Amino acid sequence: MKKLTLTIDYLEYDSIDELNAEDKSLMQQAHEAATTAYAPYSNFSVGAAVLLENGVVVKGSNQENAAYPTGLCAERVAVFAASSHYPGVPIKTIAITAKSSHIKVENPVAPCGSCRQAISEYEVLYNKPIRFLLMGETGKVLELKNVESLLPLRFEGKNIIHSH
Ligand code: THU
């Protein structure tokens with residue numbers, strides 16, 4: 001038996017204004033996306049903006065449903081839309097933010113576990129790191145360099161594909 005340690009490193013910016021122009025624009029598009037959320041049940045509006053390697057930005061917002069589990073998070077709406085409109089084009093960066101009519105979302109919003117798994121699929125598929133920019137309605141921005149940082153020891157397709 002041996003003890004192993006995994007560490008992640010990430011960047012913290014004091015505000016969106018500290019980001020470079022491309023990242024700032026992507027985060028602004030995530031904020032725009034949050035305004036399109038359909039979230040009558042939680043009143044928690046999440047926006048995601050996905051920058052593809054071809055320069056296209058695909059946006060998504062959470063879409064809720066009266067049958068609660070049927071709804072989908074903003075991040076999966078965005079990456080699934082990106083992959084269906086631009087199959088074969090790797091994802092470079094995903095910016096995520098949220099706002100609520102009930103609470104002030106001051107801390108960076110991190111994607112849920114299911115979204116991490118969904119996004120992971122594309123990082124593995126294209127063998128290219130997907131960067132994350134996470135923010136609340138206001139305040140700090142966190143930058144993580146890949147999905148692995150958010151989902152270590154992840155489950156991958158190679159775990160279930162037979163090799164002969
Ligand atoms: N939600 C997202 O869209 N992304 C996340 O990463 C966390 C949660 C949505 C799902 C639901 O519509 C609302 O936020 C409250 O959980």
Margin query: Going residue by residue through the range 24-36, is there one that turns out to be in contact (Cβ under 8 Å) with a residue 40 or more places away in the chain, part of a loop (DSSP other than H, G, I, E, B) and more than 13 Å from the chain's Cα centre (by Cα)?
Written below: no
Margin query: If I go through the range 18-41 residue by residue, how many of them are over 19 Å from R131 (Cβ atoms) and either open to solvent by 50 Å² or more (accessible area, probe 1.4 Å) or more than 10 Å from the ligand (Cβ to nearest atom) (or both)?
Written below: 6
Margin query: For the range 114-161, which positions are surrounded by fewer than 17 Cβ atoms within 10 Å (Cβ to Cβ) and farther than 26 Å from L4 by Cα?
Written below: L125, Y126, T138, G139, K140, I161
Note to self: Testing I96 on (1) under 13 Å from the mean Cα position of the chain (by Cα); (2) at pLDDT below 95; (3) of a type outside the set (K, R), one condition comes back false. Which one is that?
What the structure shows: (2)
Item checked: All positions within the range 60-95 that are farther than 18 Å from L150 by Cβ, more than 13 Å from the ligand (Cβ to nearest atom) and not aliphatic (A, V, I, L, M) -> S83, S84, H85, Y86, P87, G88
Margin query: Suppose the filter is within 12 Å of the chain's Cα centre (by Cα) and crowded, with 18+ Cβ neighbours inside 10 Å; does V105 pass it?
Written below: no
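If a residue counts only when it is closer than 17 Å to S42 by Cβ, which helices (runs of 4 or more DSSP H) contained entirely in the range 70-164 have at least 1 such residues?
Details: elements: 74-85, 113-126, 147-150.
Correct list: 74-85, 113-126.
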Next item on the list: Considering each residue of the range 42-90, count those that are open to solvent by 20 Å² or more (accessible area, probe 1.4 Å) and acidic (D, E), and give that number.
Entry: 2
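The values are calculated or read from the model by the stated rules, or taken from the named source; none is laboratory data. All values reported here derive from a predicted model rather than from experimental measurement. Cβ atoms come from the backbone with ideal geometry, glycine included; neighbour counts cover every protein chain shown. What goes into the accessible areas is simple: the full protein's heavy atoms, side chains included, and nothing from ligands, DNA or RNA. Shrake-Rupley method; radii C 1.70, N 1.55, O 1.52, S 1.80 Å.
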